[in-house]
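The values are calculated or read from the model by the stated rules, or taken from the named source; none is laboratory data. Because the structure is predicted, anything quoted here is derived from the model rather than measured. All Cβ positions, even for glycine, are placed from backbone atoms using ideal geometry, and neighbour counts span all protein chains on display. To get the accessible areas, we keep the full protein, side chains included, count just its heavy atoms, and leave off ligands, DNA and RNA. Shrake-Rupley method; radii C 1.70, N 1.55, O 1.52, S 1.80 Å.
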Amino acid sequence: MLDRRGETAALPAIREKLRTGESQVKAVAAVAAARMGGPDTWDDIVPLFASGDPAEIRAAKTAVSFFASDALIPRMAALLPHTPPAAQVALLDVLADRKAMSQSAAILSLSLSPEESVRMAALTALEQTVTAADLPVLAERLIAAEVPAEIVLIQNAAAAAARQIPDREEAAVPLLEALGRASGSKRVDLIRPL
């Protein structure tokens, strides 16, 4: 309630609850801190991502959605390799929501994660975060992919990357080059994004 009234004097006490409170208290405190302190509370919220507690991770994800600035996008991406899978999924969702194209390399790397939930979240995020420069990598991933759901997500990402190239013929080149190396159903997988 204090955050809704703009009682910023309460921010230090709320930050303290983020460090010492019970899980439910931390969840409420995270949202309040983000509303009151904005991106300046990032360092207070990071431990919630790292905790592994599903409720705290959800609260941290909700809290960062209140940050108006995209200045923290690089810090969110840098946090990815240091958090448990559930937090990686949450951070990937945030990066996709913010269309964090500057972080496509980090997201591409997580699309190879051995953890299925992380891999699927990264593949889903790619459609919103890929750049045109990622198209050759996506074409190779289409050749290697075997799981139908993953193939569809990679195709969606490849199509999104290709749409960023104004010259349609130029956009087709990476896919056509990969098509020459593919056989069987892999050829069909590469044609769809065209």
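A compact table of results
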quantity: Residue within the stretch 14-31 that is part of a loop (DSSP other than H, G, I, E, B), polar (S, T, N, Q), open to solvent by less than 70 Å² (accessible area, probe 1.4 Å) and on the phi < 0 side of the Ramachandran plot present; calculated: no
quantity: Odd one out for Glu56, checked against (1) part of a loop (DSSP other than H, G, I, E, B); (2) more than 13 Å from the chain's Cα centre (by Cα); (3) modelled with pLDDT of 90 or more; calculated: (1)
quantity: Filter pass, Leu110 being touching a helix residue (DSSP H, G or I) at 6+ places or on another chain (Cβ under 7 Å), among the aliphatic types (A, V, I, L, M) and open to solvent by less than 50 Å² (accessible area, probe 1.4 Å); calculated: yes
quantity: Evaluation of Phe49 against (1) at pLDDT 90 or above; (2) open to solvent by 30 Å² or more (accessible area, probe 1.4 Å); (3) among the aromatic types (Phe, Trp, Tyr) (one fails), failing number; calculated: (2)
quantity: Index of the failed condition, Arg181 passing every other in (1) closer than 23 Å to Pro84 by Cα; (2) open to solvent by 60 Å² or more (accessible area, probe 1.4 Å); (3) in contact with a helix residue (DSSP H, G or I) (Cβ under 7 Å, 6 or more places away or on another chain); calculated: (1)
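Residue-by-condition table, conditions (1) under 16 Å from the mean Cα position of the chain (by Cα); (2) aliphatic (A, V, I, L, M):
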residue	(1), (2)
Val94	yes, yes
Ala121	yes, yes
Glu140	no, no
Ile143	no, yes
Gln155	no, no
Glu170	no, no
Leu176	no, yes
